[in-house]
Amino acid sequence: MNSDQFEGKWKQLKGTVKQRWGKLTDDDLTALSGKKDELVGKLQERYGITREQAQREADEWAAATNSDLDATTRGAAGTHAGTAAGNKF
């Protein structure tokens with residue numbers, strides 16, 4: 001998912017971000033406004049991880065979430081592989 005797609009789908013994604021990274025506050029999510037670079041920075045700050053680790057985790061989450069959104073958009077029924085709850089974190 002590129003940055004433009006990320007920003008465009010932010011309202012849909014906020015809930016999954018909160019589920020995945022519970023240390024992020026509602027104020028954090030509002031301030032991020034769908035900017036992936038800012039999400040990476042917040043993850044680094046809140047979880048005390050390196051920028052590279054935060055980037056990798058954000059990328060993994062975005063790829064899994066994008067797959068879920070694509071499947072939903074295509075009208076796929078049933079289970080979705082790679083849901084945010086199923087990812088390690």
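Bear in mind these aren't lab numbers, they're just calculated from the coordinates by the rules spelled out. Treat the numbers as computed from the prediction; the structure is a model and nothing was measured. Because the Cβ atoms are built from the backbone with ideal geometry, glycine has one as well, and the counts that use them run over all protein chains shown.
Taking the alpha-carbon set of the stretch 3-67, what are its Rg and Dmax in Å?
Expressed in Å, the Cα Rg and Dmax of the stretch 3-67 come to 10.6, 28.
Evaluate the charge dipole of the stretch 3-67 about its Cα centre and quote only its size in Debye, nearest 20, assuming +1 on the Cβ of each Lys and Arg and -1 on the Cβ of each Asp and Glu. List each step's numbers first, then the result.
Working: 12 positive and 12 negative charges, 40 e Å.
Dipole size: approximately 200 debye.
Extending each Cα 7 Å along its Cβ direction at residue 18 and residue 63, get the distance between those two points in nm, one decimal.
Distance between the two pseudo-spin positions: 2.8 nm.
Roughly how many nanometres apart are two label points built 7 Å out from the Cα toward the Cβ at residue 50 and residue 11?
Placing both labels 7 Å along Cα→Cβ, they lie 3.9 nm apart.
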